[in-house]
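> For reference, the structure I am asking about is given below.
The values are calculated or read from the model by the stated rules, or taken from the named source; none is laboratory data. Keep in mind it's a predicted model, so treat the numbers as computed, not measured. Because the Cβ atoms are built from the backbone with ideal geometry, glycine has one as well, and the counts that use them run over all protein chains shown.
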Amino acid sequence: MSNCFGKNLTLTLFGESHGPEIGCVIDGLRPGLRVEEEAIAQQLALRRPAGALSTARVEPDPFRIVSGVWQGRSTGTPLCILIPNRDVKSDDYESLAHTPRPGHADYTGFVKYRGFADPRGGGHFSGRLTAPLVAAGAIFLAALRERGVAIGTHIARCAGLEDRPFKHLADDLQALAHAPFPVLDVGRGEAMQAAVLAAARDGDSVGGVLETAVLGLPAGLGAPWFDTVEGLLSHALFSIPAVKGVEFGDGFALAELRGSQGNDVFRMEGERVVTETNHNGGVNGGITNGMPLLFRTAIKPTPSIAIPQRTVDLSTHKNTEITVQGRHDPCVVPRARAVQDSVTAFVLLDLLEDL
């Protein structure tokens, strides 16, 4: 099923950008997990648009949990979360019904669903569908914290500008937990925001790179070949709109090293086996080795821009030109942080159920 993912724990997304409601169903949660609505609201706030860096479509996201929770704890039955769409302007998309926007899923969705897909705001392909994903992620993140696992993501690069790298992971993850613009160096973050605003003034957009760290994972998660930790995470991460690349540890930079440089040598630290470096991002042979899990995603520039672009008219089969109207982010990287944390938490919690 293309809208459902997971093994021990499954997540299903449903709805369209301009439909009455969007939502998700979580199945396989253990009974008794704490489900705090305040925590869900906090995660949704990290994803919500804020100021000139984001779209003018600001949904308050007054979610409802309609099943699977009793007295603040999961019951073990399917948990369903519903989120209404209130701030919609479907008229902005009438002129685009037959002219697919470059960089969007308009054309592929038209082909996949034989012309019956809801085109308003990107329909089921819209980044709006990440709201229920983040709502579910708040539950997964809380469950992982109870197991001593912490997840945090920062903007490693945006508009060609770089944040400082992770240093003291525990402190860095704590600082990122509620940061509205998730960077480790405030000054560099301000420069990034200025670059985003400059692109917006030009009617254009920018992309960037998100870097995630996970602390507290045990060694032994994952499997060789088809259920590797990297493979399962990549599968889920590529479901995030705008993600076009994933790398673990030093990633592609490892290709430039010799084995003597890229290997992470082992040593004992008390009774614990550790590595002196972490070029491989905490994974060997598709299985966690107990070191911090580190990976990055490449986020492409927002495809909806206010600059004329060439496309085709699917009703006349002729070339044409469009200028995208409506409300769009000049950069989705800051808001994607909460989505990346949520997807990561889901995959890791599912894997931990195998232990």
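> Going by what's in this entry, would VAL183 be described as in contact with a Gly (Cβ under 6 Å, 6 or more places away or on another chain), surrounded by 14 or more Cβ atoms within 10 Å (Cβ to Cβ), of a type in the set (A, V, I, L, M) and over 18 Å from ASP329 (Cβ atoms)?
Answer is no for this residue.
> While we're looking at this one, here's another question. If only one of ASP313, ASP354, ASP350 is touching a Gly at 6+ places or on another chain (Cβ under 6 Å) and surrounded by fewer than 24 Cβ atoms within 10 Å (Cβ to Cβ), which one is it?
On the way: ASP313 fails: touching a Gly at 6+ places or on another chain (Cβ under 6 Å); ASP354 fails: touching a Gly at 6+ places or on another chain (Cβ under 6 Å).
The unique qualifying residue is ASP350.
Each row is one residue, and each column tells you yes or no for (1) in a loop (DSSP other than H, G, I, E, B); (2) closer than 18 Å to LEU46 by Cα.
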| residue | (1), (2) |
| --- | --- |
| ARG164 | yes, no |
| LYS167 | yes, no |
| ASP172 | no, yes |
| ARG188 | no, no |
| ALA191 | no, no |
| ALA200 | no, no |
| SER205 | yes, no |
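> Under the condition of being loosely packed, with under 14 Cβ neighbours inside 10 Å and out of contact with any helix residue (DSSP H, G or I) (no Cβ under 9 Å at 6 or more places or on another chain), which residue from segment 1-50 is modelled with the lowest pLDDT?
The extreme case among them is MET1.
> Further, regarding this structure: Filter segment 186-206 down to the residues that are touching a residue at least 60 places away in the same chain (Cβ under 8 Å) and crowded, with 22+ Cβ neighbours inside 10 Å, then identify the one that is nearest to the chain's Cα centre (by Cα).
Once the filter is applied, the top-ranked residue is VAL206.
> Consider ASP87 carefully, then state whether it is at pLDDT below 95, over 30 Å from PHE226 (Cβ atoms) and surrounded by fewer than 20 Cβ atoms within 10 Å (Cβ to Cβ).
yes
> Something else about it: Report yes if some residue within segment 285-293 is surrounded by 15 or more Cβ atoms within 10 Å (Cβ to Cβ), polar (S, T, N, Q) and in contact (Cβ under 8 Å) with a residue 40 or more places away in the chain; otherwise report no.
yes
> Within segment 289-299, identify whether any single residue is over 24 Å from ALA136 (Cα atoms), small (Gly, Ala, Ser) and at pLDDT 95 or above, and answer yes or no.
Taking every residue of segment 289-299 in turn, at least one turns out to be over 24 Å from ALA136 (Cα atoms), small (Gly, Ala, Ser) and at pLDDT 95 or above.
> Additional query: Could you list, ordered by first residue, the pairs with Cβ atoms under 8 Å in which the first is in segment 20-40 and closer than 14 Å to LEU349 by Cα and touching a residue at least 24 places away in the same chain (Cβ under 8 Å) and the second is assigned to a loop (DSSP other than H, G, I, E, B) and hydrophobic (A, V, I, L, M, F, W, C), at least 6 apart or interchain?
Note: pairs meeting the criteria are ILE26/LEU9; ASP27/LEU9; GLY28/LEU9; LEU29/LEU9.
> Kindly check whether there is at least one residue in segment 228-245 that is surrounded by 16 or more Cβ atoms within 10 Å (Cβ to Cβ), modelled with pLDDT of 95 or more and over 18 Å from the mean Cα position of the chain (by Cα).
yes
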